[in-house]
Amino acid sequence: MGVKLSLDDFGTGYSSLSILQRLPFDTLKIDRSFVSEVGENGENSEILQTIISLAKNLKMRVIAEGIETIPQLNLLQNLGCDYGQGYLFAKPKSAAVAENSLYECSNWLPVESQSIVQETVEASADENLPIF
């Protein structure tokens, strides 16, 4: 059927390690509270590193919520996070504006990150690897 399961807000509330064994999740979404705790120089990133490593070991993709700064984005990219969402990319939009943005194929990365991502794409030997 092509249905994928994502565990939202991992690390808070009812999300636990035991649920990862019981249900076939494809994606783990890191709660924004862990992303917001990371400092400008990567301090307090140990939990992010652990969650990303856990997801990778379980063959899952990782989405980080609440990315608001370039240093957060850079750190998550360096830790191997596959996807991100947050105000750094776009503020909430109405359905019509969001749909129009998707049709226009807008580049969601901040200007400061575009050259880093382009270098990563060019250096990548595997076209199927996800690029943040």
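The values are calculated or read from the model by the stated rules, or taken from the named source; none is laboratory data. The structure displayed is predicted, hence computed values, not measured ones. A quick note on method: Cβ atoms are made from the backbone with ideal geometry, for glycine too, and the neighbour counts reach across all protein chains shown.
Observations on the model:
- Given (1) out of contact with any helix residue (DSSP H, G or I) (no Cβ under 7 Å at 6 or more places or on another chain); (2) loosely packed, with under 12 Cβ neighbours inside 10 Å, number of the condition Leu20 does not satisfy: (2)
- The residues on offer are Val62, Val121, Val111, and the sole one that is modelled with pLDDT of 90 or more and of a type in the set (Val, Ile, Thr) is Val62.
- Residue match in segment 53-65 (condition: touching a residue at least 24 places away in the same chain (Cβ under 8 Å), of a type in the set (Gly, Ala, Ser), on the phi > 0 side of the Ramachandran plot and out of contact with any Cys (no Cβ under 8 Å at 6 or more places or on another chain)): no
- Those residues of segment 42-69 which are under 13 Å from Pro110 (Cβ atoms) and either hydroxyl-bearing (Ser, Thr, Tyr) or surrounded by 15 or more Cβ atoms within 10 Å (Cβ to Cβ) (or both), in sequence order: Ile67, Thr69
- Scoring Glu68 on the criteria (1) modelled with pLDDT of 90 or more; (2) of a type in the set (Asp, Glu); (3) more than 23 Å from Ser6 (Cα to Cα) leaves a single failure, condition (3).
- Matching residues in segment 31-41 - criterion: being buried (at least 17 other Cβ atoms within 10 Å of the Cβ) and either closer than 20 Å to Ile70 by Cβ or among the β-branched types (Val, Ile, Thr) (or both): Arg32, Phe34, Val35, Val38
- Selection count, segment 1-47, where residues are among the aliphatic types (A, V, I, L, M), under 15 Å from Asn78 (Cα atoms) and assigned to a helix (DSSP H, G or I): 2
- From the options Leu79, Leu88, Leu28, residue that is surrounded by 17 or more Cβ atoms within 10 Å (Cβ to Cβ) and farther than 25 Å from Lys4 by Cα: Leu88
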